[in-house]
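Everything below concerns the one structure shown next.
Please treat every number below as a calculation from the coordinates, not as lab data. The structure displayed is predicted, hence computed values, not measured ones.
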Amino acid sequence: MKVSIIGAGNVGATAAMKIAAENFVNEVVLLDIKEGVAEGKTMDIMQSLMMTDSNTIVIGTTGDYSKTANSDVIVITSGVPRKPGMTREELVGVNSKVMTMVLDGATKYSPDAIFVVVSNPMDTMTMMTVNYLGNENWRKVIGMGGMLDSARFEYNIRMKLYAHYGFGKYDIGAKVIGGHGDTTMVPLVEKATVNGKPLTSFFTDEEIADIAEKTMKGGAILTKMLGTSAWEAPAQGICETVKMIVFDKNILVASSVYREEYDLCIGSLVKIGKDGINNVFIPVELSDETKNKYNASVEAVRNVNSAL
């Protein structure tokens, strides 16, 4: 099993390390356009692996897509990262050009690969990948945004529980659908649970609203603090997505996926396995308020896509 990661920045390099350390693929290739960066980071990763039981080989290369040949999964993290005050939508122009170069190189050597898209604006870059591969291949394109947003949702729930009740064992289930943007994501508040109970069993309406707001602004909050996008959680999301493919897990997660009825990619509840997206689940029992937010998110993503 071979995984190639295009883009050796914080997210890409950290994902390479996480995947390699878990020792479930044979080879990870890390590619970047900046001379020596991918090679240096993979050397550091390989040296760290010498202190573990991992047998995974990590290879770095500057722009040589032949090194990615016959990849089973290709992860795209390349592009300009979001800076403080910058919206994901502002990234469309520059990152769409980067995406075209990446897809040209990657598909030449790995035409049958499953693509995991992380580059922002993620829903739009995922749609661009579907368009490039052809809509009939939509199941092979996974936008890794909903998993990260869902983790942030669960984090905010966990920290609110800690503030109220201190340390404890909590089974938290929370998903975020809709666009991967500060104003477009839709936390599924009415479906979120703690130990099988709804959030209303633990928090006031005001506290639940605060959790949802912090979830939606999670990326912007971190960007303001760090001066760049986060990398540990996105990289873990990449690692978990790749594991779903490798081990054919077919568990329910949130990911951006092509929806024919909207003719765009947007965060949805899906199951991911060895062939990519296996099933898309339409939660028809959602409240009218949530459905309206989702429809508004669809139109917002459509507006961003128009810049392609």
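Some notes on this structure:
- Centroid-to-centroid separation of the stretch 18-37 and the stretch 202-234 [C-alpha atoms, Å]: 29 Å
- Considering helices alone, the calculated mean residue ellipticity of the chain at 222 nm is -13500 deg cm²/dmol, with DSSP H runs of length four and up weighted by -39500 (n - 2.57) and normalised per residue.
- In units of the rule-of-thumb radius 2.2 N^0.38 Å, the stretch 2-144 shows an alpha carbon radius of gyration of 1.01.
- Karplus-derived HN-Hα couplings along the stretch 232-243 (A = 6.51, B = -1.76, C = 1.60, θ = phi - 60°), whole Hz, x at Gly and Pro: 5, 5, x, 5, 5, x, 4, 4, 5, 5, 4, 4
- More than 27 Å apart - percent of Cα-Cα pairs taken over the stretch 105-261: 29 percent
- Spatially proximal lysines relative to Lys169 (Cα-Cα < 18 Å; intrachain offsets below 8 disregarded): Lys160, Lys197
- Nearest 10 degrees, 0 to 90: helix 92-109 Cα axis against the chain principal axis: 50 degrees
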